[in-house]
Amino acid sequence: AQSVSQHNHHVILSEAASLELGCNYSYGGTVNLFWYVQYPGQHLQLLLKYFSGDPLVKGIKGFEAEFIKSKFSFNLRKPSVQWSDTAEYFCAVRDFNKFYFGSGTKLNVKP
Amino acid sequence: EAGVTQFPSHSVIEKGQTVTLRCDPISGHDNLYWYRRVMGKEIKFLLHFVKESKQDESGMPNNRFLAERTGGTYSTLKVQPAELEDSGVYFCASSRGVLQETQYFGPGTRLLVL
């Protein structure tokens, strides 16, 4: 089975600060990588995904992630966070039909 | 396009009782998945339907859990009898295909077994 590690369980930032959330996975083959976000009271939404090609992936709401194969990493970044980015963020790897998720990172942005 | 819907949003039951969760996938999505998140840990795969057939049920914890998808549309997940450790959030997701496809998630059902 695959495993996904999100090292930051809870992150607190002030508005306009830069964000980087770490994600490492164990799967060594061809990977499909995802970041999902769950805003308070809402369902999981796709932020961005990587299947192949340019390892720097841009998603919605100014988020981006970089796939570094040698490091088995897919870190999420945003140059300047807003209060509305307060949410829980999940990194996921797909192995055929299954998604393997990390344990999530709760981001709290202070206005 | 309507998203994945789940019912109920919350359920509180006593140990030993039965609970049935329902998921309606996005229209036209043949693939339906169930996941579970226990105690704020990682979201874990339970099973995968392709239309009405169980493609993969390797994540089902034990035989107290029964999933069905009669007619290949909505799915139900029954827990009978429920145990304390079954508490958590049950997510449903759907996708049109499998490879190179995004899974779209529902809002989840929060189950509490007392």
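The values are calculated or read from the model by the stated rules, or taken from the named source; none is laboratory data. Given the structure is predicted, the values throughout are model-derived calculations rather than measurements. Here the Cβ positions follow ideal geometry from the backbone for every residue, glycine too, while neighbour counts run over all protein chains shown. To get the accessible areas, we keep the full protein, side chains included, count just its heavy atoms, and leave off ligands, DNA and RNA. Shrake-Rupley method; radii C 1.70, N 1.55, O 1.52, S 1.80 Å.
Observations on the structure shown:
- Total residues in the range B:1-29, condition in a loop (DSSP other than H, G, I, E, B) and crowded, with 16+ Cβ neighbours inside 10 Å: 4
- Any strands (runs of 3 or more DSSP E) falling wholly within the range A:9-111 and containing at least 3 residues that are within 14 Å of chain B (Cβ to nearest Cβ) and out of contact with any Lys or Arg (no Cβ under 7 Å at 6 or more places or on another chain): A:32-38, A:44-50, A:87-95, A:98-101
- The residues in the range A:41-82 that are open to solvent by less than 80 Å² (accessible area, probe 1.4 Å), farther than 28 Å from B:Val89 by Cα and hydroxyl-bearing (Ser, Thr, Tyr) can be counted, and the count is 1.
- Candidates A:Ala87, A:Ala92 - the one that is surrounded by 23 or more Cβ atoms within 10 Å (Cβ to Cβ), small (Gly, Ala, Ser) and closer than 28 Å to B:Arg96 by Cβ: A:Ala92
- Tally, over the range B:30-52, of residues that are of a type outside the set (Ser, Thr, Tyr), over 18 Å from A:Gly41 (Cβ atoms) and not in a loop (DSSP other than H, G, I, E, B): 11
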